[in-house]
Structures are given as structure tokens and as C-alpha cells.
Amino acid sequence: LAVSDDKMCYLQEDLGDELLFDYIKQGRTTGIFSEDERRMLELTIRQLAHVQIKGNNGYDYSYSYPVPSFDARSIMWDLNYFKYNFLKATGVDFQEDCLEDDFENMKRLLLSSEQPIAFMYRDFQSRNVMIKDGKPYFIDFQGGRRGPLQYDVVSFLWQAKAKIPDCLKNELLE
């Protein structure tokens with residue numbers, strides 16, 4: 001709501017205690033998302049685009065921690081986190097050499113100059129979205145940095161605990 005001239009003090013609004021994660025509980029538990037849940041998911045993704053573009057305007061990325069941009073090392077860290085904390089932990093059978101080829105291709109794609117770059121939220125999931133007065137508000141973006149726009153959308157739609165069905169993911173992508 002306000003920031004002091006020396007940027008050492010600020011006022012925040014209390015957003016209450018309703019998370020998007022809780023808001024979509026019926027859909028998460030039954031696999032059938034109501035129109036209201038679908039609308040809120042769509043509204044959240046639309047709001048994300050505004051945060052990514054407007055958040056990029058004039059932002060000094062030297063304040064981003066631990067790195068200012070989503071670089072090759074950051075990409076590989078995330079991909080290996082997935083490999084070691086999901087694939088190997090769940091015992092899913094996979095061919096490691098083929099997976100590494102896929103990781104290299106994904107890294108190359110994400111770092112290509114053709115990818116739209118803006119503010120990357122970095123931890124965009126339903127537990128980091130508060131609902132107040134029927135609108136989404138974003139929290140916990142201290143890991144934000146300069147990066148590809150699509151990263152946050154993919155993180156959001158494929159977050160395991162939200163259990164968004166493929167047909168709804170496709171609708172939200174559109």
C-alpha cells in the first residue's frame with residue numbers, strides 16, 4: 001500500500017487466509033472442477049501475465065536472489081530436482097541418457113533468444129495465490145527473476161497437488 005522514501009518500511013494489506021489451493025478443493029478431491037473453480041484458475045493465469053509484463057518494467061534484477069536471471073545452471077538445477085526428487089524417489093522407470101538429452105533440449109529452448117523474457121515468478125502455484133473479494137493476489141515471489149514467461153504457466157498447470165486434469169489444463173492454456 002505504501003513504501004517509505006528510504007525503502008526500509010512498507011505497509012501491506014492483509015489478504016486473509018483463503019488460498020487458491022483451498023478454493024479449488026472440490027476439484028482437487030473429485031477431479032471435477034466447478035465453473036467457479038475454473039473461472040478462478042483462468043483469472044489467476046490472466047493476472048499472472050500482467051505481473052510478468054508489468055513486473056518487468058523498470059525492475060532492477062540485481063535485487064533478485066540468488067541470481068538475477070534464470071540461467072543455464074538454474075534450469076539444470078530445476079530439471080535435476082525433478083529427476084532426483086520425483087522420478088527416482090517414486091521408482092518411475094526411465095532411461096537416464098534419453099532424459100538427459102531431453103533436459104539439454106529443454107535448456108536450449110528456454111535460453112533461446114526467441115523465448116519471451118520478463119519477470120518470472122519462479123514459484124507459481126496455488127498455495128502462493130490468495131483469494132480476497134473474489135480476486136487472486138500473489139504472495140511468496142522472493143525467488144522471482146528475469147526468465148521465460150512460459151515457465152510459470154507450466155509450473156502452475158502441472159503442479160502435482162492441484163490435480164488439474166489434462167482437459168482443463170488445455171482449456172487454461174488456450
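Taken over the range 108-150, the criterion of being farther than 20 Å from LEU43 by Cβ and either among the small types (Gly, Ala, Ser) or assigned to a helix (DSSP H, G or I) (or both) is satisfied by ARG108, LEU109, LEU110, LEU111, SER112, SER113, GLY143, GLY144, GLY147. Restricting the search to the range 118-170, which residues are without any contact (Cβ under 8 Å) to a residue 60 or more places away in the chain, among the charged types (D, E, K, R) and exposed (fewer than 15 other Cβ atoms within 10 Å of the Cβ)? Listed by number, the residues that qualify are ASP133, ASP166.
Among the residues of the range 91-138, the ones that are touching a Pro at 6+ places or on another chain (Cβ under 8 Å) and closer than 14 Å to PHE70 by Cβ come to 5 in all. Restricting attention to the range 47-60, does a residue exist that is among the aromatic types (Phe, Trp, Tyr) and modelled with pLDDT of 95 or more? No, the conditions are met nowhere in the range 47-60.
Within the range 91-107, the set of residues being open to solvent by 80 Å² or more (accessible area, probe 1.4 Å) and in a loop (DSSP other than H, G, I, E, B) comprises ASP93, GLN95.
The values are calculated or read from the model by the stated rules, or taken from the named source; none is laboratory data. Please read these numbers as outputs of a predicted model, since none were measured by experiment. Positions of Cβ are backbone-derived with ideal geometry, glycine not excepted, and every protein chain shown enters the neighbour counts. With ligands, DNA and RNA removed, areas are computed over all heavy atoms of the protein, side chains included. Shrake-Rupley method; radii C 1.70, N 1.55, O 1.52, S 1.80 Å.
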